[in-house]
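Have a look at the structure below before the remarks.
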Amino acid sequence: MSLDERFRHALAEALTDARTRLESEFASMLAEAQAEAEREKAAAHEAAEAARAGAVSEAQQALRAELTAGFDAEKASLFATHESLLAQAADAARLEVARLHEAFASDSERLRAEADDAQARLRAEADATVDAVRAELREAQAAVVRLREEHDAATAASKGEHEAEAARLGEALAAASGERDELRALLTRVQEEQAAAATAAKAEADAALSGARSESESALAALRSESESALAAARAEADAAVSALRAEAERTLTALRDQSSSNEAALRSESSAAQAALRSEADQTAAALAEALERHQAGSVRMLESVRALDGASSLPEVLDALAHATAKEAGRAALLVVKGDRLVGWRTNGFGAVDDDPRALESSTADAGALATAVNTCRPAITGSGSVLAAPPFSAAGPDVPGLAVPLLVGGRAVAVAYVDAGTAAHGPATWTAPVELLVRHAGRCIEALAVRRPAPARPASARVGATA
């Protein structure tokens, strides 16, 4: 072997050793870089998980604090309103009682005035009656005096006649002594008649005076009895009126107290009902909040599982399958179509009935005016339904009011596939699944880019895959 051949052989061996050493160092550096990237990705996932858990805890605490503060404020407002209503009812009752007391006092004063007026009238009438009786008594006394004067005049006249008769008898006696005895008898008889007449007249006058006195006394007694009975009746009537007013005032006060008690009971019942309604509303709000938190936690867990499934995919088909499955769990129905030139060909569908058996039979053009072609051409999400001008894909058979979303799967800034999702018959609203779906599609694009970067690297064991369980 010549020197040139030995030199070439030695150079080839040196180059082979250098190439082997460089390849080994490059493989080692690449493995270290991949391991560092895996550690950083795991740390990022742990930090995101901790941040998400902290955000969920803070949201729960904030919502509980806000709910408690709102309930306390509403409770305080309700109690203040209840106290205000009770104070208003008590003030109204006090005003009504004061008004009744004033009315009772005015009525009592009026009745007293009326009783005094009636008593004064009765007294005036009694005084007038007494005056009349006294006048009648005075007239009777005057009549008695006149009777006495007439009696005295008659007696004087009788005496005059007697004396004249005696004179005549004396003359007759003197003239005729024979008639003396007859004249004496006649004189005796005349004197007896005169005495009897005087006695009868005096008795008659005394009887008339006694009758007049007894009549006046009986009239006065009757008037006194009548005035006393009238005064007693007026007093009884006034007492009855006062008693009736007192009873009515007591009944009114009792009715007001009963009404106040019923109003207070009604207010307490309304307050209890309002508190029960607030408690029920608070319980419903708490239940809704708990349900929302549960849905949020379930969505977070579901999103984490979907991200782990995408990170664990080791090939493009696995990424696409994981994406179709994850978006279907978020929205209800999902279809994934890949871009082949100017055509869109179905890859995987979930929730579309018979189409799920042969999704590759789906095919459309990127030149269409639908949501799928628009999302691919603009590299931006496209919305269907709910007033949108874009049409849903024909295989969805979705009505014009059913919201749908088409999201392009971008790799290196170019759309390689498009995901279409809608709620279908699932109980999901647009506000709950559009953002998670777009996030999953974007993450799937990053996973595909990571696969493209890792493709030249040597194969790693399955346990070192991203998202694989330990």
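The values are calculated or read from the model by the stated rules, or taken from the named source; none is laboratory data. No experiment lies behind these values; they were computed from the predicted model shown. When we count neighbours, we look across all protein chains shown, and the Cβ atoms used for this are built from the backbone with ideal geometry, even at glycine. Ligands, DNA and RNA are excluded from the accessible area calculation, which covers all protein heavy atoms including side chains. Shrake-Rupley method; radii C 1.70, N 1.55, O 1.52, S 1.80 Å.
Only one residue in Ala397, Ala369, Ala391 is open to solvent by 10 Å² or more (accessible area, probe 1.4 Å), small (Gly, Ala, Ser), in contact with a Phe, Trp or Tyr (Cβ under 9 Å, 6 or more places away or on another chain) and modelled with pLDDT under 85. Which one?
That would be Ala397, the only listed residue that is open to solvent by 10 Å² or more (accessible area, probe 1.4 Å), small (Gly, Ala, Ser), in contact with a Phe, Trp or Tyr (Cβ under 9 Å, 6 or more places away or on another chain) and modelled with pLDDT under 85.
Of the numbered conditions (1) out of contact with any His (no Cβ under 9 Å at 6 or more places or on another chain); (2) part of a helix (DSSP H, G or I), Ala274 satisfies every one except a single condition; which is it?
(1)
It is to be established whether one or more residues within the stretch 403-423 are under 45 Å from the mean Cα position of the chain (by Cα) and surrounded by fewer than 18 Cβ atoms within 10 Å (Cβ to Cβ).
No, every residue in the stretch 403-423 fails to be under 45 Å from the mean Cα position of the chain (by Cα) and surrounded by fewer than 18 Cβ atoms within 10 Å (Cβ to Cβ).
I'd like the full set of residues that are out of contact with any strand residue (DSSP E or B) (no Cβ under 6 Å at 6 or more places or on another chain) and not charged (D, E, K, R), limited to the stretch 367-382.
Passing the criteria: Ala367, Ala369, Gly370, Ala373, Asn377, Thr378.
Please tell me if Ala174 is surrounded by 14 or more Cβ atoms within 10 Å (Cβ to Cβ) and either at pLDDT below 70 or of a type in the set (D, E, K, R) (or both).
Criteria not met by Ala174.
Within the stretch 307-317, identify whether any single residue is among the small types (Gly, Ala, Ser), touching a strand residue (DSSP E or B) at 6+ places or on another chain (Cβ under 9 Å) and either assigned to a helix (DSSP H, G or I) or in contact (Cβ under 8 Å) with a residue 24 or more places away in the chain (or both), and answer yes or no.
No, the conditions are met nowhere in the stretch 307-317.
Please find, among Ser364, Ser314, the residue that is open to solvent by less than 50 Å² (accessible area, probe 1.4 Å) and either under 17 Å from Asp422 (Cα atoms) or among the hydroxyl-bearing types (Ser, Thr, Tyr) (or both).
Ser364
Can you tell which of Arg138, Arg180, Arg213 is under 30 Å from Glu228 (Cα atoms), modelled with pLDDT under 70, more than 60 Å from the chain's Cα centre (by Cα) and of a type in the set (Lys, Arg)?
Answer to the selection: Arg213.
Tell me, yes or no, whether the stretch 76-88 has at least one residue that is acidic (Asp, Glu), part of a helix (DSSP H, G or I) and at pLDDT 75 or above.
Within the stretch 76-88 (the criterion being acidic (Asp, Glu), part of a helix (DSSP H, G or I) and at pLDDT 75 or above), the answer is no, since none of the residues qualifies.
Consider only pairs whose beta carbons are under 9 Å apart and that are at least six residues apart or on different chains; among these, list those whose first residue lies in the stretch 34-54 and is surrounded by 12 or more Cβ atoms within 10 Å (Cβ to Cβ) and whose second residue is of a type in the set (Asp, Glu) and at pLDDT 80 or above.
So the pair list comes out as Lys41/Asp311; His45/Asp311.
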